[in-house]
Amino acid sequence: MSVKFGVLVLDYDGTIAVDGVLDPDVRSAIAEARAAGVVVVLATGKILRDLRREAGDLGFVDAIVAENGAVLAFPGSGYSSVLAASPPSAFVDALRQRGIPISVGECVVEAPASAAYEVLSVLREMRLSLVPVFNRDRLMVLPDGVSKATGLRVALFDLRLSSHNAIAIGDAENDHRMLEMCEIGAAVEWGSQALKAAADEVVHGSGPPDVASYIRRLVHSRSLLPSRVGRRRLLLGHDCEGWPMELSFRGRNLLIAGDPKSGKSWVTGLLCEQLAFYRYCVCVIDPEGDYTGLEVLPGVTVLGGDSPPPRSHELLRALRHPDMSVVIDLSRLTHAEKSEYMQSLLPALALVRRRTGLPHRIVVDEAHYFLQGPEAADLLDLELAGYILVTYKVGRLDRRVLDATETILVTLTTDPNEVKTLAALCRVKDREEEWGVTLGQLHLGEAAVLTGGEGAECGLRRFRLAPRLTSHVRHREKYLDVPILRGQAFVFVSSRGSSGQQARSLREFVDVVAATPATELHGHLRRGDFSRWVENVFGDHHLASRLRQLEELYCSGGAGDINHAMVQAICERYDLDLPKRGLLLGASVVS
């Protein structure tokens with residue numbers, strides 16, 4: 001995804017310094033980055049006292065990870081801490097007795113790389129849990145598990161910053177873990193071949209001044225968009241031959257489309273699970289309560305639901321930790337209340353992301369209800385990207401929102417107009433009929449990736465969805481207020497013909513049944529229309545079974561007040577208050 005650039009992590013020797021001397025142009029570029037709000041962390045294998053002697057005042061950066069991750073210092077406050085154990089004195093003495101020239105820090109023992117064999121011999125003889133790490137012509141010996149990445153992780157935690165807003169630049173063997181940890185790892189062209197091969201980007205040039213130019217380009221763009229495919233990929237599932245279907249999600253807005261009840265929220269939840277495990281900060285706007293099951297994942301909390309949805313300042317507090325994710329459950333609000341809330345929520349989230357870089361991803365379910373007018377694009381920050389939009393009505397979305405979509409995932413789609421819109425979005429109108437057949441045959445648990453453009457990259461790839469770790473919650477109030485498709489509405493027909501009344505939600509259905517004499521519902525009850533509608537449209541087998549029992553009782557003459565009985569069954573199932581008009585609330589059903 002396109003992520004706000006907020007943290008710059010720099011190796012020292014060989015990257016921004018030559019023979020221990022910091023390049024003055026890099027120092028100036030660092031100052032420009034900090035003035036623009038970027039936090040700069042220096043991550044070095046050097047002992048802190050040696051760094052001070054060579055670089056002078058260390059206040060040119062916000063934090064220092066020294067001794068290859070074993071020591072942390074904040075120059076602004078003077079605070080420092082040791083993050084690992086000191087080297088055993090017996091080990092230090094043994095190296096000196098062998099005449100090996102060493103430097104000893106708080107945790108690290110440094111020696112020439114040429115002394116590696118002798119150092120290893122001492123470690124083997126003493127059976128110590130210490131690990132040698134090479135750094136060009138130097139050898140560092142540290143406690144097992146210590147690296148620049150471990151020290152950087154503590155530094156970012158203390159600063160309440162995310163590695164997913166960070167780019168790291170290094171040159172040598174001891175920078176691998178640091179580059180892997182950050183959202184983008186960049187290796188300098190004049191550095192290690194192995195590091196360049198593993199990095200996301202290469203800083204071209206021949207020395208530190210080229211790093212200064214690279215830093216300035218980053219500050220100008222303010223977002224992280226690597227030239228290579230990102231290392232972090234989300235598993236979608238497997239194709240018909242068993243090959244994994246993966247999604248490189250950096251720099252992308254995602255659109256998830258498909259018929260109602262076709263598995264869109266399953267796909268969305270699958271992506272959210274993996275983002276949470278990668279420790280991305282995700283905000284899921286959940287109009288129907290389908291994603292509350294994600295709360296069992298580490299760092300995920302649900303707001304709203306039985307409580308009022310969070311105000312902007314409450315949401316800010318919830319998102320102040322970069323590895324926290326939030327599900328905003330709006331299922332208790334009416335459709336009008338949801339729409340009004342979204343008008344303030346989406347701009348607030350966009351503003352927060354611009355300022356703090358969080359959340360990394362924003363999921364908008366039922367997006368067609370909230371992003372269909374000409375003002376829809378103004379509610380989003382499409383330039384920074386990072387949106388997952390979920391809808392069964394792609395054609396209703398504002399064109400600017402659609403044009404900002406890079407990746408499309410589709411579940412079962414039977415509406416020809418939707419297929420036409422998707423094909424046009426991918427610029428493949430000549431394949432509209434072919435796509436319509438394939439998308440109309442997708443089974444539950446299947447989806448397709450659509451790609452547009454020219455040549456071999458254009459097409460449709462069908463795959464079987466990967467299993468999920470969390471349960472998919474189909475909220476009981478899903479259809480109380482949010483209208484279903486017009487063609488799925490229940491049309492009431494009496495013995496005299498159509499009454500003209502339609503129900504596009506369960507609440508509307510309850511209101512009509514409650515106010516209609518049983519004699520006017522006779523035909524529907526005899527044919528089992530009510531239970532069939534609930535079964536086919538809402539997929540609520542439990543409620544459909546109960547209504548079928550009532551219909552059968554009515555046909556056998558065993559039902560008393562059938563209106564009240566049906567309404568009561570629905571209200572009990574969905575925690576809905578019984579309507580008072582048209583019903584004798586004390587009535588009962590004979591079974």
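Yes or no: Leu506 over 20 Å from Tyr574 (Cβ atoms) and crowded, with 20+ Cβ neighbours inside 10 Å? So Leu506 does not fit the description; no.
Tell me, which residue of region 344-379 that is surrounded by fewer than 21 Cβ atoms within 10 Å (Cβ to Cβ) and of a type in the set (D, E, K, R) is nearest to the chain's Cα centre (by Cα)? So the residue we want is Arg354. For region 297-326, name all the residues that are over 26 Å from Glu375 (Cβ atoms), free of Cβ contacts under 8 Å to residues at least 60 places away in the same chain and of a type in the set (A, V, I, L, M, F, W, C). The answer is Val300, Val302, Ala318, Met324. On the stretch given as region 394-444, residues that are part of a loop (DSSP other than H, G, I, E, B), closer than 30 Å to Glu383 by Cβ and out of contact with any His (no Cβ under 8 Å at 6 or more places or on another chain) total 9. Checked against (1) over 30 Å from Gly37 (Cβ atoms); (2) buried (at least 24 other Cβ atoms within 10 Å of the Cβ), Ala116 meets all criteria but (2).
Highlighted here are the strands (runs of 3 or more DSSP E) found entirely within region 303-393 that include at least 2 residues which are within 30 Å of Pro416 (Cβ to Cβ): 361-364, 387-391. Determine whether Leu465 is modelled with pLDDT of 65 or more and under 25 Å from the mean Cα position of the chain (by Cα). The answer is yes for Leu465. Look at (1) touching a Cys at 6+ places or on another chain (Cβ under 7 Å); (2) closer than 18 Å to Tyr214 by Cβ and you find that Asp13 fails only one, number (1). The test for being of a type in the set (Gly, Ala, Ser), more than 23 Å from Val9 (Cβ to Cβ) and in contact with a Lys or Arg (Cβ under 9 Å, 6 or more places away or on another chain) does not hold for Ala149. Taking the numbered list (1) outside the structural domain of Arg177 (by TED's automatic domain parsing); (2) touching a Gly at 6+ places or on another chain (Cβ under 7 Å); (3) buried (at least 16 other Cβ atoms within 10 Å of the Cβ) in turn, Arg136 passes all entries but (3).
Has region 550-568 got any residue that is in the same structural domain as Arg526 (by TED's automatic domain parsing), part of a loop (DSSP other than H, G, I, E, B), farther than 28 Å from Lys261 by Cα and at pLDDT below 70? Yes - at least one qualifying residue is present in region 550-568.
Residues of region 289-302 that are part of a loop (DSSP other than H, G, I, E, B), of a type outside the set (Phe, Trp, Tyr) and touching a helix residue (DSSP H, G or I) at 6+ places or on another chain (Cβ under 8 Å): Asp290, Leu297, Pro298, Gly299. Picking from residues in region 173-189 that are in contact (Cβ under 8 Å) with a residue 60 or more places away in the chain and part of a loop (DSSP other than H, G, I, E, B), the one that is nearest to the chain's Cα centre (by Cα) is Glu183. Within region 163-172, identify whether any single residue is surrounded by fewer than 19 Cβ atoms within 10 Å (Cβ to Cβ) and either touching a strand residue (DSSP E or B) at 6+ places or on another chain (Cβ under 6 Å) or part of a loop (DSSP other than H, G, I, E, B) (or both), and answer yes or no. No, the conditions are met nowhere in region 163-172. For region 511-549, residues that are closer than 19 Å to Leu485 by Cβ and either outside any helix (DSSP H, G or I) or in contact with a Pro (Cβ under 6 Å, 6 or more places away or on another chain) (or both) total 2. Of all positions in region 477-487, none carries a residue that is in contact with a Pro (Cβ under 9 Å, 6 or more places away or on another chain), surrounded by 14 or more Cβ atoms within 10 Å (Cβ to Cβ) and modelled with pLDDT of 85 or more.
From the list Leu95, Leu156, pick out the single residue that is touching a Pro at 6+ places or on another chain (Cβ under 8 Å) and surrounded by 20 or more Cβ atoms within 10 Å (Cβ to Cβ). If you could, list the steps in order and put the result at the bottom.
Numbers: Leu95 fails: touching a Pro at 6+ places or on another chain (Cβ under 8 Å).
Answer to the selection: Leu156.
Would you confirm whether or not region 66-75 contains a residue that is on the phi > 0 side of the Ramachandran plot and among the polar types (S, T, N, Q)? Yes, the conditions are met somewhere in region 66-75. Residues in region 380-401: is at least one buried (at least 21 other Cβ atoms within 10 Å of the Cβ) and free of Cβ contacts under 8 Å to residues at least 24 places away in the same chain? Taking every residue of region 380-401 in turn, none turns out to be buried (at least 21 other Cβ atoms within 10 Å of the Cβ) and free of Cβ contacts under 8 Å to residues at least 24 places away in the same chain. Regarding Leu439, is this residue at pLDDT 95 or above and more than 24 Å from the chain's Cα centre (by Cα)? Yes: the conditions hold for Leu439.
Being part of a loop (DSSP other than H, G, I, E, B), closer than 19 Å to Gly207 by Cβ and in contact (Cβ under 8 Å) with a residue 40 or more places away in the chain is the filter here; which residues of region 13-43 pass it? Correct list: Gly14, Thr15, Ile16, Asp23. Given the condition touching a residue at least 60 places away in the same chain (Cβ under 8 Å) and at positive phi, answer yes or no: does some residue in region 359-367 qualify? Within region 359-367 (the criterion being touching a residue at least 60 places away in the same chain (Cβ under 8 Å) and at positive phi), the answer is yes, since at least one residue qualifies. The residues of region 40-90 that are of a type in the set (D, E, K, R) and surrounded by fewer than 20 Cβ atoms within 10 Å (Cβ to Cβ), listed by number, are Arg49, Asp50, Arg52, Arg53, Glu54, Asp57. Taking the listed residues Glu110, Glu106, Glu118, the one that is acidic (Asp, Glu), in a strand (DSSP E or B), more than 26 Å from Tyr214 (Cβ to Cβ) and modelled with pLDDT of 95 or more is Glu110, with no other qualifying. Applying the set (1) touching a residue at least 60 places away in the same chain (Cβ under 8 Å); (2) of a type in the set (A, V, I, L, M); (3) not in a helix (DSSP H, G or I) to Ala448 leaves exactly one unmet item: (1). If you filter region 321-343 down to residues that are hydroxyl-bearing (Ser, Thr, Tyr) and out of contact with any helix residue (DSSP H, G or I) (no Cβ under 7 Å at 6 or more places or on another chain), you find that the one that is surrounded by the fewest Cβ atoms within 10 Å (Cβ to Cβ) is Thr334. Here Leu275 passes the criteria (1) under 22 Å from Thr411 (Cβ atoms); (2) modelled with pLDDT of 90 or more; (3) surrounded by fewer than 22 Cβ atoms within 10 Å (Cβ to Cβ); (4) of a type outside the set (Phe, Trp, Tyr) except the one numbered (3).
Tallying residues that are modelled with pLDDT of 95 or more and farther than 12 Å from Ala155 by Cβ within region 54-74 yields 6.
The values are calculated or read from the model by the stated rules, or taken from the named source; none is laboratory data. It should be emphasised that the depicted structure is a prediction, and the values quoted were computed from it without experimental measurement. Don't worry about glycine lacking a Cβ; one is built from the backbone with ideal geometry, like all the others, and counts go over all protein chains shown.
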